[in-house]
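In what follows, a structure is listed as structure tokens, so that the remarks can point back to it.
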Amino acid sequence: MKSAFGARATAAIAVLLMPPSAMAQTSASADQRPKWAVQIAPGECTLLRTTGGSEPSLLRLKTKVGTERYWLALAGTGVRAVSGMMPEHVELRVDGKVAARRFGSQSNQSESGFNRLYHVSGIAREAIDAVAAGEALEVRASSGKVATISMAGGAKAFAAFRTCEADQLIAWGADPAQFEPGGSAPVIKDRDRLIPQELFRQIKTSGRSIQPEHNLILSTEGVVEKCAATYGIPDSNMEQVVCTYLTGRKIGEPARDPAGKAVRGVVTVQPARIVTAAVRN
């Protein structure tokens, strides 16, 4: 697949990150030690923490590059089974302090070798930064504690995860200076509501259920300079409708280098369509 901002990688890459001491362990004991890895795919970055042996477990953190939103999945030993699959309020606690409040839910479909996974969606970047800097992550739902996971040994994996994001954004046109210590990404206000709801009715979908997703290059004033859909839909005018509306508009604050100077940035937006239904008595 090719982005409008340059060629994307065509194959997924897995980077295994283990401390030298872990590499020297016997296979039996090494199975019990957490293994950290980062998977790199076009437009996506995934961080994995796994254990094997008699106590298998999985922590998976995934993002679509540029969205500033992250999806967490937990499975295996130490992850409490939850009755029902309805979403519930969840707190992510890092070293005892609340880093985020989101919704979580359990799925009972087999995935990654596990019969059930617990998912937490839409986590903000700041919360993930807190997790990366902490010693332990606790996921606590309204029904009780779901899991506590040690973050020991994960620093290099989190750094590689951030590099995966930065490298792809730079390839799409972002100024590298914003990714240096002290730099900052663009700040987009209400990114889920960038598109007026009436514009969704102008998008031709041929009966398909779609989630618009677009890469935007932002100027040093926070204005959309360039816009392109991240995927194409046959016989759809999605890119034309969305990009015609957004191009030339100021949608937030620009990225900045460590000195505070505004630089060009790239973001990925997934504007949401709000569906309402009338309820009759």
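How large is the accessible surface of S107 in square angstrom, using a 1.4 angstrom probe and rounding to the nearest 10?
For S107, the solvent-accessible surface is approximately 30 Å².
Multiplying the sequence separation of V187 and S142 by 0.36 nm and subtracting their Cα-Cα distance, what value in nm do you get?
In short, 13.1 nm is gained.
Give me the one-decimal nm value for the distance between modelled label points at E198 and T220, 7 Å along each residue's Cα-to-Cβ direction.
In this crude label model, E198 to T220 measures out at 3.7 nm.
Taking 0.36 nm per residue of sequence separation and subtracting the Cα-Cα distance, how much length would be gained by fully extending the chain between K156 and R125, in nm to one decimal?
9.4 nm
What ranking of V98, V241 comes out by heavy-atom accessible area, probe 1.4 Å, highest first?
V98, V241
Short version: ³J(HN,Hα) in whole Hz for each residue of the range 256-269, in order, from phi by Karplus 6.51 cos²θ - 1.76 cosθ + 1.60 (θ = phi - 60°), x for Gly and Pro, what are they?
9, 7, x, 8, x, 6, 5, 9, 5, x, 10, 10, 10, 10
Any lysines with Cα under 30 Å of the K189 Cα? List them, leaving off those in the same chain fewer than 8 positions away.
K2, K62, K64, K97, K204, K226, K250, K261
Give a residue-ordered list of calculated ³J(HN,Hα) values for the range 193-202 (Karplus: 6.51 cos²θ - 1.76 cosθ + 1.60, θ = phi - 60°; whole Hz; x for Gly, Pro).
These are the phi-based 3J(HN,Hα) values: 10, 5, 9, x, 4, 5, 5, 4, 6, 8 Hz.
With charges only on Cβ, +1 for K and R and -1 for D and E, what is the dipole size of the range 109-197 about its Cα centre, in debye, rounded to 20?
Value, rounded to 20: 320 debye.
Provide the solvent-accessible area of D257, counting protein heavy atoms only and rolling a 1.4 Å probe, rounded to the nearest 10 Å².
Only protein atoms counted, so the area is about 30 Å².
Specify the inter-centroid distance of the range 117-165 and the range 247-262, based on alpha-carbon positions, in whole Å.
Centre-to-centre distance over Cα atoms comes out at 28 Å.
Once amide H atoms are placed 1.01 Å from N in the peptide plane, what residues at a sequence separation of 5 or more from V146, or on another chain, have their amide H within under 5 Å of its amide H?
V139, R140, A141
Could you work out how far apart the two model spin labels at I170 and M85 are, taking each label as a point 7 Å from the Cα in the direction of the beta carbon, and quote it in nm?
4.2 nm
Using a basic spin-label model with each label point 7 Å from the Cα along Cα→Cβ, how many nm lie between D95 and T244?
A separation of 5.3 nm, rounded to one decimal place.
Want the number for E111 to T163: 0.36 nm per residue separation, take away the alpha-carbon distance, what's left?
Residue separation times 0.36 nm, minus the Cα-Cα distance, leaves 16.0 nm.
Could you tell me what percent of the DSSP beta bridges with both partners in the range 56-107 are antiparallel, to the nearest 5?
Here the antiparallel bridges make up roughly 100 percent for the range 56-107.
Just to check I understand the Karplus step: with θ = phi - 60° and J = 6.51 cos²θ - 1.76 cosθ + 1.60, what whole-Hz values come out for the range 35-46, glycine and proline as x?
Values per residue, Gly and Pro as x: 10, 9, 8, 10, 9, 10, 9, x, x, 9, 9, 9 Hz.
The values are calculated or read from the model by the stated rules, or taken from the named source; none is laboratory data. All of these numbers come straight from a predicted model, not from anything done at the bench. Virtual Cβ from ideal backbone geometry, glycine too; neighbours counted across all protein chains shown. Each accessible area value is taken on the protein alone, full model and side chains, heavy atoms only, with ligands, DNA and RNA left out. Shrake-Rupley method; radii C 1.70, N 1.55, O 1.52, S 1.80 Å.
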